[in-house]
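The values are calculated or read from the model by the stated rules, or taken from the named source; none is laboratory data. What you see is a predicted model; the values in this text were computed from it and never measured. Cβ atoms come from the backbone with ideal geometry, glycine included; neighbour counts cover every protein chain shown. Calculation scope for accessible area: heavy atoms of the full protein, side chains included, ligands and nucleic acids excluded. Shrake-Rupley method; radii C 1.70, N 1.55, O 1.52, S 1.80 Å.
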Amino acid sequence: SQQGEEDPQALSIQEGENATMNCSYKTSINNLQWYRQNSGRGLVHLILIRSNEREKHSGRLRVTLDTSKKSSSLLITASRAADTASYFCATGPYTGTASKLTFGTGTRLQVTL
Amino acid sequence: NAGVTQTPKFQVLKTGQSMTLQCAQDMNHNSMYWYRQDPGMGLRLIYYSASEGTTDKGEVPNGYNVSRLNKREFSLRLESAAPSQTSVYFCASLGQPPINYGYTFGSGTRLTVV
């Protein structure tokens, strides 16, 4: 079963606009991560936020985490055509020496010129 | 280039045939994972290996076997392929400490079973 669910499933915006996508999850987590997947390619890690953090920034990315609501959001500011991709949240329990990530179903972002 | 290498990139099998998907990483990572990606379902964990010599089942292990040959290599075997195993397969690895980093993924193997 999927731990995370992204919302919306698809998002279309114009270049320069901000894109916000949300992730909800079901069980307690140690950390939450966001990944990007370009069409036909593997996933690329974007950012990790720990359960004791509320907000994190990396370049044009801003991630928030609300553990009381079991939700996270990813904001991409000043979007570019190159940001067109699918975005996945993944939650990690971190048990022992392995961290089995559980992925959501993804948000497809289309950025048009 | 450092990273995760998967072979082959594409494969077509007939029902009942067997094959092994290969994965190798050169980052000295301890943990390795196999996921499958199906439309509308995100990624689902098949098997993982926390360290050399250990393997464990994930969410969808039926019909698959794995081997952690050494620290670098983690292979996935389909003994008798079925159409339901048509999917894109991704291998990933994770270094230590895992809490600070995300997975590194390979580029995937697109498998079609007819």
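Looking at B:R77, B:R110, can you tell me which residue is at the interface with chain A (Cβ under 9 Å from one of its Cβ atoms), among the charged types (D, E, K, R) and farther than 30 Å from A:I29 by Cα?
Details: B:R77 fails: at the interface with chain A (Cβ under 9 Å from one of its Cβ atoms).
Answer to the check: B:R110.
Only one of these is assigned to a strand (DSSP E or B), more than 22 Å from A:G106 (Cβ to Cβ), within 13 Å of another protein chain (Cβ to nearest Cβ) and open to solvent by 30 Å² or more (accessible area, probe 1.4 Å): B:T5, B:T54. Name it. First the steps, then the outcome.
Details: B:T54 fails: assigned to a strand (DSSP E or B).
From the options B:T5, B:T54, the qualifying one is B:T5.
Okay, residues lined up against (1) within 14 Å of chain B (Cβ to nearest Cβ); (2) open to solvent by 60 Å² or more (accessible area, probe 1.4 Å); (3) more than 13 Å from the chain's Cα centre (by Cα); (4) farther than 16 Å from B:Y101 by Cβ:
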position	(1), (2), (3), (4)
A:S24	yes, no, no, yes
A:N30	yes, no, yes, no
A:I47	yes, no, no, no
A:D66	no, no, yes, yes
A:L74	yes, no, no, yes
A:A81	no, no, yes, yes
A:T91	yes, no, no, no
A:G104	yes, no, no, yes
A:T112	no, no, yes, yes
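On the given criteria, is A:R41 open to solvent by 40 Å² or more (accessible area, probe 1.4 Å), under 25 Å from B:G108 (Cβ atoms) and in contact with a strand residue (DSSP E or B) (Cβ under 8 Å, 6 or more places away or on another chain)? Explain how you work it out, then say what you get.
Working: open to solvent by 40 Å² or more (accessible area, probe 1.4 Å): yes; under 25 Å from B:G108 (Cβ atoms): yes; in contact with a strand residue (DSSP E or B) (Cβ under 8 Å, 6 or more places away or on another chain): no.
When the stated conditions are applied, A:R41 does not pass them.
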